[in-house]
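Q: Here's a structure for you.
The values are calculated or read from the model by the stated rules, or taken from the named source; none is laboratory data. Everything quoted here is computed from the prediction, not taken from an experiment. Note: ideal-geometry Cβ built from the backbone for every residue, glycine included; neighbour counts use all protein chains shown. These area figures cover heavy atoms from the full protein model, side chains too; ligands, DNA and RNA do not enter into them. Shrake-Rupley method; radii C 1.70, N 1.55, O 1.52, S 1.80 Å.
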Amino acid sequence: MKTVHPTLLLLLVVPLTQPAPRTQLDSHVHLEYGTDKFEETKFSQDYEDKYLHGKSTKAKETMIIPDEKSLQLQKDEAVPSLPTKKENDEMPTCLLCVCLSGSVYCEEVDIDAVPPLPKESAYLYARFNKIKKLTAKDFADMPNLRRLDFTGNLIEDIEDSTFSKLSLLEELTLAENQLLRLPVLPPKLTLLNAKHNKIKSKGIKANTFKKLNKLSFLYLDHNDLESVPPNLPESLRVIHLQFNSISSITDDTFCKANDTRYIRDRIEEIRLEGNPIALGKHPNSFICLKRLPTGSYF
């Protein structure tokens, strides 16, 4: 057997080890990861692959230039219309206040009028705001209201019919306002708090309390009353009239002058201190009471 020369073997192997031809990727990417221009070069590669080499079918689509009418339609669809003034006025109160299970809390939010209320509202707390007036429209179609609290506002006037249709209203608080008179009150009222106002005796009509057979708590202290309001109902348990300008009391103010057996047993507390009156001069005015009023007797 003949021996193969080493040189001949080398010539046979060399053609098999030639480097492979450069791929298309190599012709475009010359930078490594981490270099500043890698992203720019990669974008250049994608652009060429997509458009120069015809690999994207979208590049072959015909470009359509929209006319003016089409652009206007697109604009109308893209930009939602702004709410009108009426829609703004009817914006739900719960975006401004806190609504929770029939209760609306609008405290210290600087409102100057009663906001629109959800129909199911039963309790409204609008304390410490800048409300100046209450009207019947504020509570129209609100039959479920049971409690209203307007403490610490600037209320000067209340329309007479404001609360007259609130048949379920039980508690009304108007303390710390600028009221000069009381409006017509709803029949089922159990509590009225109108202390710290400027209410005078002429601002309370003779029949204001006459038909309020469920009224139990009456707070009219720190006002400008010259006399005790007439026709106070038998249902009253607490009457606060301290720090007014009350200067006289009659035998019929709390009792019945013509009925010596009459006992007013529901009243638990009457406060009259801070008034320019000596209660000791009117002994017959309290004979029907179980407890004497708080105040000065001499």
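Q: Can you find a residue in the range 107-120 that is open to solvent by less than 10 Å² (accessible area, probe 1.4 Å), assigned to a loop (DSSP other than H, G, I, E, B) and touching a Ser or Thr at 6+ places or on another chain (Cβ under 9 Å)?
A: Restricting attention to the range 107-120, the residues satisfying the condition of being open to solvent by less than 10 Å² (accessible area, probe 1.4 Å) are none.
Taking every residue of the range 107-120 in turn, none turns out to be open to solvent by less than 10 Å² (accessible area, probe 1.4 Å), assigned to a loop (DSSP other than H, G, I, E, B) and touching a Ser or Thr at 6+ places or on another chain (Cβ under 9 Å).
Q: Return the only residue of E234, E226 being closer than 20 Å to T190 by Cβ and open to solvent by 60 Å² or more (accessible area, probe 1.4 Å).
A: Values: E226 fails: closer than 20 Å to T190 by Cβ.
Only one candidate qualifies: E234.
Q: Taking the range 250-282, which residues are within 46 Å of the chain's Cα centre (by Cα), open to solvent by 30 Å² or more (accessible area, probe 1.4 Å) and among the charged types (D, E, K, R)?
A: Across the range 250-282, the qualifying residues are D252, D265, R266, E268, E269, R271, E273.
Q: Of the numbered conditions (1) of a type in the set (K, R); (2) touching a residue at least 40 places away in the same chain (Cβ under 8 Å); (3) closer than 29 Å to A136 by Cβ, K211 fails exactly one; give the number of that condition.
A: In the conditions (1) of a type in the set (K, R); (2) touching a residue at least 40 places away in the same chain (Cβ under 8 Å); (3) closer than 29 Å to A136 by Cβ, K211 misses (2) alone.
Q: In the range 138-175, which residue that is modelled with pLDDT under 95, open to solvent by 70 Å² or more (accessible area, probe 1.4 Å) and not acidic (D, E) is farthest from T93 (Cα to Cα)?
A: Across the range 138-175, the extreme among qualifying residues is K165.
Q: So if I check each of S216, S296, which one is at pLDDT 95 or above, of a type in the set (G, A, S) and open to solvent by less than 70 Å² (accessible area, probe 1.4 Å)? Write out each step before concluding.
A: On the way: S296 fails: at pLDDT 95 or above.
Every option except S216 fails the conditions.
Q: Would you say F243 is at positive phi and of a type outside the set (D, E)?
A: yes
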